[in-house]
Amino acid sequence: MRLGAQRQDDFEINVISLIDVMLTLLMFFVMTTTFVQHSALKITLPQASETLEEAPKNPLIVMIGADSRFYVDNNEVLNPDVVTL
């Protein structure tokens, strides 16, 4: 018989259960949170008095012939330097 010797229990915190409870609380707060909607100023914007007409589109046509000649708008570019295009 041991009178002086007592068995000590190791004190442990179960971390897995704590993580489970924390994630459950986090999901609860995420789902039940109402998001703040900022109130905006109500402004009456002015209306345009005239409508803008669109400028006619003139496409730039660049062609390269089978003989490696460059044509811009059906005009042959005589300078072989491509930078001038």
Item to complete: Residue by residue through the stretch 32-76, note down the ones that are assigned to a loop (DSSP other than H, G, I, E, B) and touching a strand residue (DSSP E or B) at 6+ places or on another chain (Cβ under 9 Å).
Response: 60, 61, 65, 69, 73, 74
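Before we move on, is residue 85 modelled with pLDDT of 80 or more and at negative phi? It would help to see each step written out before you state the result.
Details: modelled with pLDDT of 80 or more: no; at negative phi: yes.
Judged against the criteria, residue 85 is not a match.
The values are calculated or read from the model by the stated rules, or taken from the named source; none is laboratory data. The model shown is predicted, which means the values in this text are computed figures rather than measured ones. For neighbour counting, all protein chains shown are included, and Cβ atoms are generated from backbone atoms with ideal geometry for every residue, glycine included.
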